[in-house]
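Undergrad: Can you keep this structure in mind? I'll have questions shortly.
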């Protein structure tokens, strides 16, 4: 069964290319536009990897990451922050919260594909 | 003891002494007479006893009378004479002695008065010379004070104990209580609420502690840091911290030590800058830059990802391709808007370290018109324009730019007359200089922009373009569409809306007298709280006050209607730190009282009640010795409110009535006016609390040297001597 990727971003203009990319690379995709929606989908669908934006309406990406990491059932879920927040402090914070990767926008598609592939291949 | 009592005592003692002497004479004569003569003497006494007794008594009475007369006409006047001579040569050379007494004494008084005239003239001439020298020194001091006063930074200078020696106007604005820097007028100038708000807060003033203004811990921390740095011989020995003022503005404080010639710590200076606006702008600018960056990242990420998909997957279905192209288009448009709108906003917020001031265009044209005529011989005709546009510019630099351009336009066109007009379009102001002929070529303008801004030996080491950029300004030349054959040079400047006035800098006016913002003598002040009684009178801080009341019976329900007070530090009266407050006594003011002090029921109706005023006055007197004339009465008035307000004045008290009785014990009249007359203090605003407080303060200062001559130098000695005077027994 192909891995499931959850794309969490409130900007459809970035979601569409990402969704296309993931599907082209043989992954199932799910989309959430807010932190709350993401958590709901995670609890139901248990995706293998989350592409997570930080600036989200309501619960932000940092909080979503923290909740995922605090729940033992979800501890194997891979998290990639995909965000416009490029300050060193943001990156450090994201990594401390338990993200597996932190990619700042703008990124190259190949960068995302490689990062997703690498994380999905890593032993849990 | 009063003079009449003294005379009666002298008279009685004289008669007593004379009677005793006469009796002693009789007894002596009796014992020394020969035995055989005694019957003869007995017979003489029997026959002439009455006559002898009457003559004896008459002699005794005459002796007593003469003695009392001498006492009244010579001895008492001599005492008074001694005091008054001392008065002339110590505090009031204009004083003249008016004594009645023996002929010789009046002659002596005349001679002394003539001598006093000479002395006064001599002293006046010395005084004039001293005065001139002092005035020169004062002027220098005043220049310093005026500069200090108008510095945009607030400055507090303290001695090593934290006592404030100097402060400037800005510090007063940041830290002083509005309602206690009161006016001396009678208008209802204090709102009740404002007074209530000030309760419990310390005052800013000379001789007061900085710890009352800024937290003690923060200052001690800063001083500790400074001392450590001094010990380590560090180059930067200052300590910086942030505090808030009364209006909760954020102030950046920088404390620096003041060292004496031996490099010992003798005080410190704290400079405060209002960073509220700066921080707000900085935070806003940072926010704008960050959000700008993040929005760009978002859009570029979407565009980049979509383009890469189109490149990598050229065969994707047309609907998907169209969707991606739409994303690219939408994000490019959003980037465009971002650059047009938000970057401009961010630019506005972040630039402009160059000091620009608001100026109206008519004023700018007015200044330019004169300079163009004077220096270039170019006539500028200003067209009347509606409205009054404002711009924010460096006036000097902008006029330089305009003269620089006009000079070159004139060289290009040969025209010496230009029509000036201005207009405003949204956020931009246009300044047009038009002439008949062709417009300037764009290359010419670009060439000028790269030239250094020099004009007739004036200028700055910057290119025209750089100075224009600092003003966010642009120049252009075009053919005027509305006016045939006319061309124009146009300057674009951002419009300024003068709603929020920048902090205004007042002109530094040299004061006629020394402003009371500083007292450098306080550098040598002993510690804040040593044994007060041992301290010299001239070194202490005083609050001199007076009350006006509804009557003279505090116990019978009379109440305060006005409190006037002043502070004395190092024998200087700090008139600018006065306390002048009317009080609503919550009862009728009798007409008899109104006739004396002029305060009527209507005048106190809108004034705060004593429960509000007394706490503020209590704060005002903190750390000072209280001085009043006939203090027993005024202190009793304050005491009547103890139960009601819970405020107890425990400061040491000095009474000028008692002090006057010490220095002028031979004088009968110890009223405020009489003492003022003796000491050469002018009587102004008598029977107003502030007027009487001022007079008392002046009197007190003049009494200090007189007390010193009597050997009374410390507070303890003054209090002890006061207690022994006749008037000290008066009660209310």
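Just so it is clear, none of the values below were taken in a lab; they were calculated from the coordinates. Model, not experiment: these values are computed from the prediction. Note that each Cβ is placed from the backbone with ideal geometry, even for glycine, and that neighbours are counted across all protein chains shown.
Undergrad: When the Cα centres of region B:81-113 and region B:120-147 are compared, how far apart do they sit, in Å?
TA: Centre-to-centre (Cα) distance: 30 Å.
Undergrad: Follow-up question, since we're still on this one. Alpha carbon centre of region A:45-63 versus region B:246-306: separation in Å?
TA: 34
Undergrad: When B:158, B:488 are ordered from fewest to most other Cβ atoms inside 10 Å of their Cβ, what list results? Each step should come with its number before you reach the end.
TA: Numbers: B:158 25, B:488 22.
Ascending number of Cβ neighbours within 10 Å: B:488, B:158.
Undergrad: For each of B:550, B:276, count neighbouring Cβ atoms within 10 Å of the residue's Cβ, then give the residues from fewest to most. Please list the in-between numbers first.
TA: On the way: B:550 23, B:276 16.
Result, fewest neighbours first: B:276, B:550.
Undergrad: While we're looking at this one, here's another question. For helix B:216-231, report the angle its Cα long axis makes with the longest principal axis of the Cα atoms of chain B; keep it between 0 and 90° and round to the nearest 10°.
TA: The two axes meet at around 80 degrees.
Undergrad: Any idea how far the Cα center of region B:359-426 sits from the one of region B:639-672, in Å?
TA: Here the two parts' Cα centres lie 70 Å apart.
Undergrad: Using a 10 Å cut-off around each Cβ, can you sort B:329, B:203 from fewest to most neighbouring Cβ atoms?
TA: Details: B:329 12, B:203 20.
Ranking B:329, B:203 by Cβ neighbours within 10 Å, fewest first, gives B:329, B:203.
Undergrad: Determine the relative contact order of chain A: mean sequence separation of Cα pairs under 8 Å and six or more apart, normalised by residue count, in whole percent. Display every interim value, and only then the final one.
TA: Working: 198 pairs, mean separation 27.9, N = 124.
Reported as a whole number, the value is 22 percent.
Undergrad: Need one number: nm distance between label points at residue B:492 and residue B:136, each 7 Å from Cα along Cα→Cβ, rounded to one decimal.
TA: Using points 7 Å along Cα→Cβ, the separation is 6.1 nm.
Undergrad: In addition: For the protein assembly as shown, just say rounded, prolate or oblate: build the C-alpha gyration tensor, square-root its eigenvalues into a ≥ b ≥ c, call rounded for a/c under 1.5, and beyond that prolate if a/b exceeds b/c, oblate if not. Write down the numbers at each step before the final one.
TA: Values: a/c = 3.84, a/b = 2.27, b/c = 1.69.
It comes out prolate by the Cα gyration axes.
Undergrad: What FRET efficiency comes out for residue B:412 versus residue B:240 if R0 is 35 angstrom and r is the Cβ-Cβ distance? Round to the nearest 0.05.
TA: Details: r = 54 Å, r/R0 = 1.55.
In this case the efficiency is close to 0.05.
Undergrad: For the protein assembly as shown, give the share of DSSP beta bridges that are antiparallel, in percent and rounded to the nearest 5; count only bridges with both residues there. Intermediate values should be presented prior to the final figure.
TA: Details: 73 of 101 bridges.
Once the DSSP bridges in the protein assembly as shown are tallied, antiparallel ones form about 70 percent.
Undergrad: Between 0 and 90 degrees, rounded to the nearest ten: what's the tilt of helix B:318-337 against the longest Cα principal axis of chain B?
TA: Approximately 40 degrees, to the nearest ten.
Undergrad: OK, next. Per DSSP helix of 4 or more residues, -39500 (n - 2.57); summed, then divided by the residues of chain A. What does that give at 222 nm, rounded to the nearest 500?
TA: -13500 deg cm²/dmol
Undergrad: Just check chain A against the gyration tensor rule for me: Cα atoms, a ≥ b ≥ c as the square roots of the eigenvalues, rounded for a/c under 1.5, and otherwise prolate or oblate depending on whether a/b exceeds b/c.
TA: Values: a/c = 1.21, a/b = 1.07, b/c = 1.13.
The shape class here is rounded.
Undergrad: To continue, here is another question. Rounded to the nearest 500, what is chain B's calculated 222 nm mean residue ellipticity when only DSSP H runs of at least 4 contribute -39500 (n - 2.57) each, over all residues? Let's see the in-between values first.
TA: Working: 23 runs with 348 residues, N = 732.
Calculated from helices alone, the mean residue ellipticity at 222 nm is -15500 deg cm²/dmol.
Undergrad: Sticking with this structure for a sec: Taking 0.36 nm per residue of separation and subtracting the Cα-Cα distance, what length does fully extending residue B:673 through residue B:277 add? Don't skip to the end; give the middle numbers.
TA: Values: separation 396, 0.36 × 396 = 142.56 nm, distance 5.38 nm.
Extra length available between residue B:673 and residue B:277 comes to 137.2 nm.
Undergrad: Can you give me the relative contact order of region B:278-351 as a percent, contacts being Cα pairs under 8 Å and 6 or more apart? Don't skip to the answer; put the middle values down first.
TA: Working: 36 pairs, mean separation 37.7, N = 74.
After rounding, I find 51 percent.
Undergrad: Can you tell me the 0 to 90 degree angle between the C-alpha axis of helix B:38-70 and the longest principal axis of chain B, rounded to 10?
TA: The helix B:38-70 is inclined about 10 degrees to chain B.
Undergrad: Also, I was wondering about something else. Name the shape class, rounded, prolate or oblate, that the alpha-carbon gyration tensor gives for region B:592-660, where a ≥ b ≥ c are the square roots of its eigenvalues, rounded holds for a/c under 1.5, and otherwise prolate holds if a/b is larger than b/c and oblate otherwise. List each step's numbers first, then the result.
TA: Details: a/c = 2.20, a/b = 1.23, b/c = 1.78.
Oblate, since a/c reaches 1.5 and b/c is not below a/b.
Undergrad: Then there's this: Describe numerically, in nm with one decimal, the distance between label points set 7 Å from Cα along Cα→Cβ at residue B:263 and at residue B:639.
TA: Distance between the two pseudo-spin positions: 5.7 nm.
Undergrad: Turning to a different aspect of this structure: Let me have the relative contact order for chain B, percent, based on Cα pairs under 8 Å that are six or more residues apart.
TA: Values: 1051 pairs, mean separation 90.9, N = 732.
Relative contact order for chain B comes out at 12 percent.
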